[in-house]
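Single-structure report; data block below.
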Amino acid sequence: MALALVKVYPSAKPFRLPPAVESRFGARKPAITVRNAASNTAEMENRPPKLKEFPHLSGSHRVLMADLVAAIEDRFEDRLLPCALPPDVEFYQNQRGTSQGALLLRSGSPQSSINFILGSWLHSQLPTGAALNIASLSAYLRPSTDAPNFLLEFIQRSPTSLILILDLPPRKDPVLNPDYLQSFYEDTRLDTYRKTLEELPEFRPYVMSSLYFRCLVSPTSIIARIETESGGPERMEEIIKDHVGPVARDVLRIWMDECACKRREVGEVERGEIERRDELVKKKTIDIDLGSSLPRLFGQEIADRVVVAIQQVFEA
């Protein structure tokens with residue numbers, strides 16, 4: 001599944017993305033310098049990740065994203081390594097301050113079925129005067145299991161317009177493996193959540209322009225545009241709090257219970273196929289989503305820094 005930082009972006013106008021303190025210590029008081037440096041390091045380690053602030057989201061939206069991140073970290077705290085991203089990748093912005101982004105990337109421990117979890121938010125003031133806000137949370141499993149990954153993304157161009165992507169992307173072909181379809185998508189009743197949201201008058205199915213993206217999602221994926229112009233931002237808050245939030249929490253719970261926590265027997269040949277597929281998906285993520293979009297928002301130097309840091313985790 002494409003990385004949800006600047007992922008496959010909708011083609012609607014006007015907010016479509018184009019495609020494609022350095023510290024110096026004096027030599028006079030080395031003891032004080034060492035203590036200050038140690039203090040700064042400790043302060044940095046104890047500081048809450050910038051990602052968890054979600055500063056540009058509305059109230060109910062911010063609460064939802066924080067709850068979902070906390071749910072994964074609380075459930076798998078003993079199976080996740082600390083975030084090792086450098087500070088200028090955990091939070092980054094362009095020189096004018098018009099584009100900002102934050103990342104939280106935690107790899108799974110060697111004994112865990114989790115490869116890594118990735119949370120992100122991005123805010124950008126566009127030349128049209130509109131603001132682009134993207135918030136996402138995704139989780140990738142190791143090839144020792146064939147269970148689906150998790151993906152949630154919100155793409156917002158105004159307080160009354162939102163694109164929602166929520167899915168458990170499959171990691172093998174459900175057509176060739178009907179038991180896979182049965183176990184993860186039918187028995188879990190995932191399709192009922194899409195049907196529930198479709199009952200909202202503001203909910204419209206949305207077709208992503210990328211054919212590649214359409215190949216990756218599951219048959220129960222929720223990909224929708226939510227428009228609340230008549231009801232205003234207050235109605236959007238209500239929808240996120242009372243409808244989207246409960247669905248997202250339930251889908252994440254299903255992923256944690258049925259995908260991340262259940263052992264699956266995967267043979268050596270099948271494992272190799274899953275690993276190859278996972279690597280292709282991650283490579284495509286960097287080539288298409290990050291490599292083309294980040295430089296236009298943040299400049300090449302910052303984009304390279306972020307991409308290299310993510311590549312190192314992907315390749316570990």
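The values are calculated or read from the model by the stated rules, or taken from the named source; none is laboratory data. Note that this is a predicted model, so its numbers are computed, not measured. Glycine gets a Cβ as well: all are built from the backbone with ideal geometry, and neighbour counts include every protein chain shown. When the accessible area is computed, the model is the full protein with side chains, heavy atoms only, and any ligands, DNA or RNA have been set aside. Shrake-Rupley method; radii C 1.70, N 1.55, O 1.52, S 1.80 Å.
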Given (1) open to solvent by 30 Å² or more (accessible area, probe 1.4 Å); (2) within 20 Å of the chain's Cα centre (by Cα), number of the condition Ile240 does not satisfy = (1)
Scope the stretch 250-285; condition within 30 Å of Gln125 (Cα to Cα) and open to solvent by 20 Å² or more (accessible area, probe 1.4 Å); matching residues = Lys283, Lys284
Pull up the stretch 165-201, narrow it to residues that are closer than 30 Å to Glu229 by Cα and assigned to a helix (DSSP H, G or I), then point me to the one that is least open to solvent (accessible area, probe 1.4 Å).
-> Leu197
Report those helices (runs of 4 or more DSSP H) wholly inside the stretch 202-316 carrying at least 1 residues which are touching a strand residue (DSSP E or B) at 6+ places or on another chain (Cβ under 7 Å) and under 21 Å from Leu190 (Cα atoms).
-> 232-239, 245-254
Qualifying strands (runs of 3 or more DSSP E) (wholly inside the stretch 51-160; at least 3 residues being under 18 Å from the mean Cα position of the chain (by Cα) and closer than 30 Å to Leu181 by Cα) = 99-107, 114-125, 131-141, 150-158
